[in-house]
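Here's the structure we're looking at; comments come further down.
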Amino acid sequence: MGYWLFKTEPQTFSIDDLKARARRGEFWDGVRNYQARNMLRDEVARGDQVLIYHSSCAQIGVVGVAEVIRAASPDPTQFDPESDYYDPASEPEAPRWYGVTLAHRRTLPAIVSLASLKANPALADLALVKRGNRLSIMPVTASQWRAILATPQV
């Protein structure tokens, strides 16, 4: 089983949205970075655990836990001219972009803020706390996972 942190803007895809669709899960789409796409397509697997991290909002931080219930499949938004994620160069026979289906597992009682994560020495090697990391998907080690969930929530 793998561990991941997925960054998302809550106005687009929030922990509450995921919780509302807990039974059937929710397809996590819109990834348009090749490095993140490669991780989704080649490394993220069914059963992997995911920390949901809200970004680009008033209170940024880890807000909950999800599970990958379906491994990577082509992102249908790449073929939809009405979508913000449409990619005219992508073809159904050779899709460029992928997503996974997530199911809500739990919402944290309070946000684990970025400041709290940065202050935790056990997370010094976590990609999220390093300058310049803008990927929406990042691997998390088992020890980092435990440290994040044990970090005091704000």
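Which whole-number percent gives the relative contact order of the chain, counting Cα pairs below 8 Å spaced six or more residues apart?
Values: 308 pairs, mean separation 47.0, N = 154.
This gives 31 percent for the chain.
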- prompt: Between SER83 and ASP42, what is the label-to-label distance in nm when each label sits 7 Å out along the Cα-to-Cβ direction?
  reply: 2.2 nm
- request: Averaging over all projection directions, find the projected area of the Cα convex hull of segment 34-154 and quote it in nm² with one decimal place.
  value: 8.5 nm²
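Might you tell me the accessible area per residue for the chain, computed with a 1.4 Å probe and given in Å²?
Details: 8160 Å² over 154 residues.
It amounts to 53 Å² per residue over the chain.
When the chain is fully extended, how far beyond the present Cα-Cα distance does GLN49 get from ARG105, taking 0.36 nm per residue of separation? Walk me through the intermediate numbers first.
Numbers: separation 56, 0.36 × 56 = 20.16 nm, distance 0.91 nm.
Here the answer is 19.3 nm.
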message: Mean-square fluctuation check for the chain, GNM, Cα pairs under 10 Å: which of THR107, THR141, THR12 is largest?
response: THR12
query: If you take the beta carbon distance between MET1 and TYR34 as r and set R0 to 25 Å, what does 1/(1 + (r/R0)^6) give as a FRET efficiency, to the nearest 0.05?
result: 0.50
message: I want to verify a result. In a Gaussian network model of the chain, Cα cutoff 10 Å, which of these has the top mean-square fluctuation: ASN38, ASN120, ASN133?
response: ASN133
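Could you tell me the calculated FRET efficiency between GLU93 and LEU135, based on Cβ-Cβ distance and R0 = 30 angstrom, to the nearest 0.05? Walk me through the numbers on the way to the answer.
Values: r = 28 Å, r/R0 = 0.92.
Once rounded, the FRET efficiency stands at 0.60.
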- line: The FRET efficiency for CYS57 and ALA142, from their Cβ-Cβ distance with R0 = 25 Å and rounded to 0.05, is 0.35
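If I compute solvent accessible area with a 1.4 Å probe over the protein chains, what percent of it on segment 46-106 is carbon and sulfur?
46 percent
The values are calculated or read from the model by the stated rules, or taken from the named source; none is laboratory data. Predicted model, so just to flag it, every value in this text is computed and none were measured. So basically every Cβ, Gly included, is an ideal-geometry build from the backbone, and we count neighbours across all protein chains shown. In case anyone asks, the SASA skips ligands and DNA or RNA and just uses the protein heavy atoms, side chains included. Shrake-Rupley method; radii C 1.70, N 1.55, O 1.52, S 1.80 Å.
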